[in-house]
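The values are calculated or read from the model by the stated rules, or taken from the named source; none is laboratory data. Since this is a predicted model, take the numbers as computed values, not measurements. As a convention, Cβ positions derive from the backbone with ideal geometry for all residues, glycine included, and neighbour counts pool all protein chains shown. For the accessible areas, the whole protein counts, side chains as well, though only heavy atoms, and no ligand, DNA or RNA atoms are used. Shrake-Rupley method; radii C 1.70, N 1.55, O 1.52, S 1.80 Å.
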Amino acid sequence: RLLYPFLVTLLYASLIFPLGLGQFAGAELSNHQQVVELFSNVTWTKEEHSVHEFEIVENWRTPWTGIFVNLLVYMTFTFCGSVVASTLPVPSGIFIPVFKIGAALGRIVGEAMACTFPNGLRYGGHNHFIIPGGYSIVGAAALAGAVTHTISTSVIVFELTGQITHILPVMIAVLIANGIAQLLQPSVYDSIIQIKKLPYLPDILTATSGAYNIYVEDFMVRDVKYIWYGITYRQLKNILKDHKKIRSLPLVDSPDSMILLGSIQRSELISMLEEHLGKDRHMRVMNKWKLAAQKALEAEQLQKEAEERERAEERKKTKQRLLDIEEARKGKVPSAGLAMAAGVGGDAPSPENCTSTPATTSPSSPTLPETATSPITVPTIVTTCVPEASEERQRRPSRFEVTKVDPPTRQESTVTLQIDPVEGVIV
């Protein structure tokens, strides 16, 4: 959309470059300066000029061409440029280029008349000199009025020149040019509307035409498709799908009230549907769901890892406890004198609740091997414990390891006792 205007502008600027072909078309002058010099009262074709006149004439001639060739080239460049500019998708003027073309054409006619009649025209005993600038004004107003099909160009010319000296020839030329142009073709603005296929109203018919007996209700469309507040996406999609030629849809308050609120372009509605129901919308929703699912999986994985760590810690503690018990059973716990190690299965009864009495050695009691002097008998100790109220509820046996150390001349012996804290007897 922007490449075409850029290329056209670049091409036209290259062709109209003042040091190139632009020197044959007065390209070094602005639009205002061109119109002022075309409307000037200086006769370009005369042989002698003042300094100011010479500067004006030098802008419209070269060492190789004269003023007539330069004016023709100027008209050609301006005409082609205005035609191409009217096709660009950017704002471009039509009136000023047409006005300049008419001024150049009138200047050619005025300079030709000045060359043909250098001493002017004699009428009624008076000699009337020819002023090419007047022809230029008339030509500009006539061509602009013919192209636009308007009479107001004559008023524009009077405002530009600031005088009404040429009011009669200007009005006559504009009326004749406008009448001929209307018989041949529509105005330039109507032509652009028809070429671009924009909504166009035809010319009003005469009063004798039978078209005035036709009313709007005779050809109006009664089954109008519309949208309303609260319409569903499915309903809107079906309306757009069934009526593809509709460019805009009226918006009403509700199907019951039918209060017109405005209209919405078809392209805007399609864009809205694509935004809410299109592929991009589905992708965003899917990504959102995937992210939520991923976060849930990560949270579940973290919870599982925490549970695994807790179970591992429990297993490690249990294993360590079992190892401690096993070491206690094997007698690997170091002690000095009489030591007592508690195992699993609850707290041991306090010494205050237990009494110990010596007992005779039973026949089955173990004895130590004899030494050189005399045999040593291991005494048996009966411990009776009175359990407390809290100990009765536990009913878990406690294991004690009693180590007795004899003098150095004797061997060390170990007796293991299993005491039930509830019964208070040796097992």
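Computed extension length for LYS330-SER267: 13.6 nm, one decimal, from 0.36 nm per residue of separation with the Cα-Cα distance subtracted.
Ordered by 1.4 Å accessible area with all protein chains kept, LEU88, LEU71 run largest first as LEU88, LEU71. Mean separation of Cα pairs under 8 Å and 6 or more residues apart, divided by the residue count, gives segment 60-117 a relative contact order of 32 percent.
If the segment from ASP280 to VAL221 were pulled out straight at 0.36 nm per residue, it would be longer than the present Cα-Cα gap by 17.5 nm.
Considering only GLN303, LEU198, ILE270, and ranking their Cα positions along the charge dipole of segment 181-312 that arises from unit charges at the beta-carbon of Lys, Arg, Asp and Glu, the one farthest toward the positive end is GLN303.
Amide H contacts for GLY120 (H built 1.01 Å from N in the peptide plane; partners 5 or more residues away or on another chain; cut-off under 5 Å): ILE130. Most tightly packed first, judged by the mean number of other beta-carbon atoms within 10 Å of their residues, the peptides 104-113, 40-49, 284-293 read 104-113, 40-49, 284-293.
Surface composition of segment 94-162: carbon and sulfur make up 69 percent of the accessible area, probe 1.4 Å. Across the cross-link table entries LYS245/LYS279; LYS244/LYS288; LYS290/LYS316; LYS197/LYS244, which are compared at the Cα atoms, the separations over 29 Å belong to LYS244/LYS288; LYS290/LYS316.
Rolling a 1.4 Å probe across the protein heavy atoms gives segment 43-146 an accessible surface of 52 Å² per residue. In this Cβ point-charge picture (+1 for Lys and Arg, -1 for Asp and Glu), segment 23-116 has a dipole of about 360 debye about its Cα centre.
Counted residue by residue at 0.36 nm each, then reduced by the alpha carbon distance between them, the extension gain from GLU28 to ILE167 reaches 46.9 nm. For segment 68-206, a simple Cβ point-charge model (Lys and Arg +1, Asp and Glu -1, everything else neutral) yields a dipole of about 140 debye relative to the Cα centre.
Just to be sure I understand the curve: with the Debye formula and one point per C-alpha of segment 88-201, what is log10 I(q)/I(0) at q = 0.11 Å⁻¹? Reported log10 I(q)/I(0), two decimals: -0.43. The dipole here belongs to segment 160-268: it is taken about the Cα centre, uses +1 on the Cβ of Lys and Arg and -1 on the Cβ of Asp and Glu, and is about 640 debye.
State the answer as a single residue: which of GLY102, SER50, GLY66 lies farthest towards the positive end of the charge dipole of segment 43-143, with beta carbon charges of +1 for Lys and Arg and -1 for Asp and Glu, about the Cα centre. With unit charges placed on the Cβ atoms, the residue in question is GLY102. To the nearest 10, the accessible area of ASP223 is 110 Å² with a 1.4 Å probe.
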